[in-house]
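Structure first, then comments.
The values are calculated or read from the model by the stated rules, or taken from the named source; none is laboratory data. On a predicted model such as this, the values are computed, not experimentally measured, just so you know. Glycine gets a Cβ as well: all are built from the backbone with ideal geometry, and neighbour counts include every protein chain shown. Keep in mind that these areas ignore ligands, DNA and RNA; they rest on the heavy atoms of the full protein, side chains included. Shrake-Rupley method; radii C 1.70, N 1.55, O 1.52, S 1.80 Å.
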Amino acid sequence: AKLEDVVAAVPDNTPRFIVMMFQEKVFLAYVVPPTAKPKERMPYASTKASLLSQLDANKCKVEKRVEIDEAKEMGDAMKEALEVCDLKDDVKPVAPKAPVGAKGPRMLM
């Protein structure tokens, strides 16, 4: 499906999770319209971690998670996410430096 079709299918006033694969990368968009009632937002907020763990368990590695107010913002969010993913592929992780000197006195509890 085209991105425009996905945007058109998302309702304007209720939250939604959208999992998309683009250029062999998986993205999770969490659309939370400001007009959505708190009663509608709560189930989505409470299941976000569960959804991510289920995706992970099914070998679906989410490259980027985006939270947006309207589905119309998805195009810009996707472009930004792709740029971040491309940069992330080029950058090598840097290990944090070990603390210098003594850690201080130990406390017994």
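A few comments on the model shown:
- When residue 18 is tested against (1) over 24 Å from residue 80 (Cα atoms); (2) outside any loop (DSSP other than H, G, I, E, B); (3) open to solvent by less than 40 Å² (accessible area, probe 1.4 Å); (4) not hydroxyl-bearing (Ser, Thr, Tyr), only condition (1) is not met.
This table checks each residue for (1) in contact with a strand residue (DSSP E or B) (Cβ under 8 Å, 6 or more places away or on another chain); (2) closer than 25 Å to residue 83 by Cα; (3) of a type outside the set (S, T, N, Q).
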site	(1), (2), (3)
11	no, no, yes
29	yes, yes, yes
39	no, no, yes
56	yes, yes, yes
59	no, yes, yes
63	yes, yes, yes
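- Looking only at the stretch 21-46, and only at residues there that are open to solvent by less than 70 Å² (accessible area, probe 1.4 Å) and in contact (Cβ under 8 Å) with a residue 40 or more places away in the chain, the one that is farthest from residue 58 (Cα to Cα): 31
- A single entry from 55, 82, 28 fulfils the requirement of being within 16 Å of the chain's Cα centre (by Cα), in a helix (DSSP H, G or I) and at pLDDT 85 or above: 55.
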